[in-house]
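To start, the structure under review is shown below, and the notes come after it.
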Amino acid sequence: MLHRFRSYYYTWLIGILVTGPVRCMTGTLLPPSPEKLSPSVCEEYIRTYYKTAIRQQRKHNIPASIILAQGVLESGAGQSYLALAGNNHFGIKCKNWEGPCIHKDDDLKQEPFRKYVRVEESFEDHSLFLTGRDHYKPLFRLRTTDYKAWAHGLKKCGYATDPHYAVKLIGLIEKYGLYYFDTAKETDPPVILRQSATRPAAEATGSKVRDTTTKGRPAKPGAVTKKTAPRATQQTSTSKKQHKR
């Protein structure tokens, strides 16, 4: 009994030291829900990994907006236990995996998840996860600029059991203007729009993102713009994978 208490205590203490205010007990650390993440944390995540997402889109034909939104949602913008301890930003488990694993409570106690040396390996593995399974093939008949169809397609193909998964992805994409990266290049500056959940008509044609609060003038490179319209309401339940076993 004393040994078990010590084990719980040390796991909890390590979780505090690694993650700050987010608590960890017996390896359980769920990613913070999107509405609990500060915009600055999400924006920093986007600035850090937008080039990686664009490279994955160019290589595997998965929309960069979808990749970034899934990364924010699945990893709590890089703040989850799996992301911090294993560079795992997409919650992929250790089935058919010969590399190192990290354990965390999920559907079952202490399930094994893949552990990566670099975050970029997690992004690549996520792309291979989608391209290497037959039930995701319908997604690749969609345009990479049609993020809504991709979001609903992921849910329809069984990527997540959360009934609100597609809505959450679309909410993140439209809240931060992630659709900009579907037509951007790696050399382009990160333009992040914090706006209402309605995509401007100009963006539907593939034109560059513009600040809708500055009378049509382009947003400054790297700038974060705000709009006074209410933010899209997002559900609080976390997603669970059906096929990552």
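Determine the shape class of the range 32-97: with a ≥ b ≥ c the square roots of the Cα gyration tensor eigenvalues, call it rounded for a/c under 1.5, and otherwise prolate if a/b is greater than b/c, oblate otherwise. In terms of gyration-tensor shape, oblate.
By the count of neighbouring beta-carbon atoms within 10 Å, fewest first, Asp188, Asp182 end up ordered Asp188, Asp182. Sorted ascending by nearby beta carbons within 10 Å, beginning with the fewest, Lys155, Lys36 become Lys36, Lys155.
Which entries in the list Lys36/Lys148; Lys51/Lys109; Lys115/Lys185; Lys95/Lys185; Lys104/Lys185; Lys148/Lys185 go over 32 Å, if you measure between the two C-alpha atoms of each?
Pairs exceeding 32 Å: Lys51/Lys109; Lys95/Lys185; Lys104/Lys185.
With a simple spin-label model that places each label point 7 Å from the Cα along the Cα-to-Cβ direction, the separation between Val117 and Thr161 comes to 3.5 nm. Between Gly71, Ile102, Leu84, the Cα set farthest toward the positive side of the dipole of the range 43-165 (charges on each charged residue's Cβ, about the Cα centre) is that of Gly71. At most 13 other Cβ atoms within 10 Å and a DSSP loop assignment: could you name the trypsin sites (Lys or Arg not before Pro) in the range 82-142 that fit? Passing both the DSSP loop test and the Cβ count: Lys95, Lys109, Arg118, Arg133. Subtracting the Cα-Cα distance of Arg133 and Glu98 from their residue separation scaled by 0.36 nm leaves 10.8 nm.
Taking other C-beta atoms within 10 angstrom as a stand-in for reagent exposure, Trp150, Trp97 fall in the order Trp97, Trp150, fewest first.
Here the calculated FRET efficiency for Thr187 and Thr145, from their Cβ-Cβ distance with R0 = 22 Å, stands at 0.70, rounded to the nearest 0.05.
Listed by chain and number, the aspartates and glutamates placed with their C-alpha closer than 19 angstrom to that of Lys156 are Glu74, Asp134, Asp146; residues fewer than eight positions away on the same chain are left out.
A crude spin-label estimate for the pair Leu108 and Ser40, with each label 7 Å from Cα along the Cβ direction, gives 4.2 nm.
No value in this document is a laboratory result; all are computed from the given coordinates. Source: prediction; values computed, not measured. Reconstructed Cβ throughout: ideal geometry from the backbone, glycine too, with neighbour counts over all protein chains shown.
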